[in-house]
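Please read the structure below before turning to the comments.
None of the figures in this text is laboratory data; all of them are computed from the coordinates on show. This one's a predicted model, so the numbers in the text were calculated from it and none came from an experiment. FYI the Cβ positions are ideal-geometry reconstructions off the backbone, even for glycines, and counts take in every protein chain you see.
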Amino acid sequence: MFTTIAAGVGLAATAATTGMSFAQAGKQRKLMRKAEAEADAAMQQARKKLEVNQFAKLGINKEPYELAREALLVQGAQGIQAGVESERGAAATAGRIQMAQQEGQAAIRGQMGQEMQQLEMLKAQEDARLQDIGVQLDLEEVAGAQLAAANAQELGAAALSQGMEGVTSLGSQLAEKAPLFEKNRAAEQFAIGGLNLSGDKLAEFEKAGKTPSAFEKGNIDLTKVSQMNPKQYRQFRKELSPAQKQLLFGTDQFQTLYNQYAPVTSLSR
């Protein structure tokens, strides 16, 4: 009986360990999916920020150049007026003023172009910087995904492997212990059938619970137990009260007989 209990405990422990292994594998898969979702959300947010070039919002301040053009026009008009009133005449003065205005306009355009070129360079540099960051994010995302997948796969595979080993072990134990349960039950049955209880013990047995259906009240013949088939013996044990079980299984006589029959039933199988 103690061997049977120990075997049952061993099977239960193996089953529990196997279940925990499969549960751990499932947990690793859930953690992996959660980490991937969080990483993807963070990556998407970072990429949206990279789509904005802050320098693209900037433009040159045209007001100083407009004021410079207006000043050239005013000075030109004043120069022509002065030429009209002087002895030199308007024609000669107008030519010089036109040349001066053209040079001034060219200088303004050149300065505006230089400032716009500098701004475009800043935009291009920022685009390049953002692109580099994006490439780094891509590389980190790939590396992180590969590492996370490798870790999750390794942990999941280990847990799954452990679970499969548990299944194999559980199956082996069941295959091994099933005959053990049967032979121990057979030894137990023969031991009960071989008990030689005194009249007082038999009377005490009847008072300790209902008379099993295999016997007539007042006529307890335990030798019939060894002749029962497995189904009949299970029914007999089921009908016994705790006190009756104690009277049968709790005696030194039962233990001695059980130890004698166990090797025999083992060899017979």
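The table for this structure:
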quantity	calculated
Candidate lysines - alpha carbon under 23 Å from residue 62, same-chain residues fewer than 8 apart omitted	123
Residue 36-residue 114 FRET efficiency (beta carbon distance; Förster radius 41 Å; 0.05 resolution)	0.25
Sequence ranges 235-244, 194-203, ranked by mean other-Cβ count within 10 angstrom, highest first	235-244, 194-203
Sorted by Cβ neighbour density within 10 Å, fewest at the top, the residues 226, 213, 21	213, 226, 21
Sequence-distant aspartates and glutamates (8 or more away, or on other chains) whose Cα lies within less than 18 Å of residue 231	182, 188, 239
Proximal lysines to residue 201, defined as alpha-carbon separation beneath 23 angstrom and excluding residues fewer than eight positions away on the same chain	210, 217, 224, 238, 245
